[in-house]
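See structure below.
The values are calculated or read from the model by the stated rules, or taken from the named source; none is laboratory data. None of the values given here were measured: they were computed from a predicted structure. Cβ sites come from the backbone with ideal geometry, for glycine too, and all protein chains shown count toward neighbours.
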Amino acid sequence: MLQQIVKEITESLPSLVKAVFSAPRGSDLPRRIVLEKGEKMGESLFFVEETRENKAFHRNLTEDEALSFLRETVEACAFRQINLFTSEKEIAFRISKKGKVSRSVNTLSVPVTVKASHNKEKNYLIREGEAVPFLVDLGVFTREYKVVHAKYDKFRQINRFIEILDHAFSDFDKDEVRVLDFGCGKSYLTFFVYYYFSHIRKKRVHIIGYDLKADVVAHCNELAKKYGYHGLSFVVADVTRDTLSSDPIDFVISLHACDVATDFALNFALERDVPYIFSVPCCQHEIGQKIGKGEGDLDLFLEHGLFKERLCALLTDAMRTKILEAEGYRVEVLEFVDFAHSPKNIMLRAKRTGHKKKSLAPLFELEARYGFTQTLLHLREEKQ
Ligand SMILES: C[S@@+](CC[C@H](N)C(=O)[O-])C[C@H]1O[C@@H](n2cnc3c(N)ncnc32)[C@H](O)[C@@H]1O
């Protein structure tokens with residue numbers, strides 16, 4: 001029966017746009033392999049992303065190489081789930097422990113397209129030139145729907161955010177989506193996410209964006225009203241202390257929510273067992289304010305300001321990751337956009353598994369040794 005899959009791959013290769021291998025049979029295998037058809041410098045290629053231990057590795061294959069790779073991977077029977085996509089349909093194979101193969105075919109409501117280039121900018125879910133009027137009001141598009149030059153980085157970041165969200169979304173089967181955005185600011189992301197779920201994914205959407213700034217929040221509410229975006233609202237709130245929504249939430253998102261505001265976003269998600277978290281932290285100042293030498297390996301990084309600043313930012317996010325893992329989330333740490341476009345480019349993408357496994361004790365020891373505090377750790381300590 002594996003030969004049947006190989007045959008189907010070989011026959012469908014000209015129209016194959018994507019193949020996904022998941023549910024590996026061994027812990028030494030990648031957790032997921034995605035091949036996507038694309039084009040680079042006029043050459044037809046497959047872009048391969050292998051995810052191992054929460055890190056993504058990339059390479060490109062020619063069509064012949066991709067075919068050999070696909071055949072070998074199927075024949076090795078290393079993955080229990082194989083999904084093939086042409087532009088209109090998805091063919092899913094599930095291979096049982098005993099090697100029995102089940103096959104199903106779904107027609108896609110949103111066609112999968114060939115990547116124009118390996119350059120992600122050309123593969124945006126919301127493209128330059130698309131008539132998205134709220135982007136004009138937000139100052140991202142000109143009236144001709146061209147990206148305003150000064151907003152190009154923001155446009156790139158938000159499209160990338162949505163692209164990452166879109167990957168996770170394949171697991172999501174509810175008709176209604178509830179999202180909270182912590183530190184939404186001018187709400188470029190919040191509007192994009194609303195548009196993505198309501199217009200592209202055709203879901204009923206409820207999104208609340210929280211921010212400290214009353215004038216910005218009022219403007220965003222006016223825009224949501226202007227476009228008849230029911231279910232999109234903005235609330236003035238300090239997320240570190242105000243009472244937030246008590247409704248069930250599917251996604252917590254935060255993009256550059258300053259310093260400990262990110263910790264409160266993550267804590268909210270942990271408290272409420274939110275299934276998905278997408279958080280791009282920034283301004284991780286807290287640890288840097290107190291950290292001191294502790295007669296350990298980290299001392300090496302504390303002698304020069306630049307090393308210290310980067311260490312503290314990374315330490316903050318590494319601790320947040322450990323805490324999320326300890327509390328039952330599978331976390332992937334992604335480079336969200338190129339460092340050149342934004343140095344605040346690490347995303348924590350977390351999915352709730354419910355398997356609470358690790359102790360927080362080593363993190364408390366680290367804190368005590370180097371004399372700093374980390375807000376999420378202490379918020380979680382209060383709950384234990
Ligand atoms: C750098 S901006 C990012 C805005 C937006 N997410 C984006 O990426 O365009 C950070 C925002 O977080 C908000 N913020 C910071 N601390 C906050 C808090 N404790 N509660 C609510 N909002 C907060 C700020 O007012 C600001 O608008």
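For segment 121-160, a residue qualifies if it is polar (S, T, N, Q) and surrounded by 16 or more Cβ atoms within 10 Å (Cβ to Cβ), and the qualifying residues are 123, 157, 159. Condition test on residue 194, is it under 26 Å from residue 151 (Cβ atoms) and either among the hydroxyl-bearing types (Ser, Thr, Tyr) or in contact (Cβ under 8 Å) with a residue 60 or more places away in the chain (or both)? Here the answer is yes, as residue 194 does meet what is asked.
Across segment 83-120, the number of residues qualifying as loosely packed, with under 13 Cβ neighbours inside 10 Å, modelled with pLDDT under 75 and closer than 27 Å to residue 5 by Cβ comes to 4. Here residue 49 meets the list (1) under 18 Å from residue 168 (Cβ atoms); (2) touching a helix residue (DSSP H, G or I) at 6+ places or on another chain (Cβ under 7 Å); (3) surrounded by fewer than 17 Cβ atoms within 10 Å (Cβ to Cβ) almost entirely, failing just condition (2). Every condition in (1) within 13 Å of the ligand (Cβ to nearest atom); (2) aliphatic (A, V, I, L, M); (3) more than 23 Å from residue 334 (Cβ to Cβ) is met by residue 158 except one, and the failing one is (3).
Residues considered: 310, 349. Of these, the only one that is touching a residue at least 40 places away in the same chain (Cβ under 8 Å) and basic (Lys, Arg) is 349. Against the numbered list (1) touching a Phe, Trp or Tyr at 6+ places or on another chain (Cβ under 7 Å); (2) crowded, with 23+ Cβ neighbours inside 10 Å; (3) part of a strand (DSSP E or B), residue 189 comes up short only at (3). Quick one: how many residues across segment 253-272 are touching a helix residue (DSSP H, G or I) at 6+ places or on another chain (Cβ under 8 Å), closer than 18 Å to residue 314 by Cβ and either free of Cβ contacts under 8 Å to residues at least 24 places away in the same chain or hydrophobic (A, V, I, L, M, F, W, C) (or both)? Counting residues in segment 253-272 that are touching a helix residue (DSSP H, G or I) at 6+ places or on another chain (Cβ under 8 Å), closer than 18 Å to residue 314 by Cβ and either free of Cβ contacts under 8 Å to residues at least 24 places away in the same chain or hydrophobic (A, V, I, L, M, F, W, C) (or both) gives 3.
Of all helices (runs of 4 or more DSSP H) completely enclosed by segment 204-310, which ones contain at least 2 residues that are of a type in the set (Val, Ile, Thr) and surrounded by 15 or more Cβ atoms within 10 Å (Cβ to Cβ)? Correct list: 214-226, 260-271.
Could we say that residue 325 is in the same structural domain as residue 273 (by TED's automatic domain parsing), within 29 Å of residue 159 (Cβ to Cβ) and either assigned to a loop (DSSP other than H, G, I, E, B) or over 17 Å from the mean Cα position of the chain (by Cα) (or both) here? Spelling it out, it is not the case that residue 325 is in the same structural domain as residue 273 (by TED's automatic domain parsing), within 29 Å of residue 159 (Cβ to Cβ) and either assigned to a loop (DSSP other than H, G, I, E, B) or over 17 Å from the mean Cα position of the chain (by Cα) (or both). In segment 184-234, the residue that is farthest from the ligand (Cβ to nearest atom) out of those that are closer than 15 Å to residue 166 by Cα and polar (S, T, N, Q) is 198.
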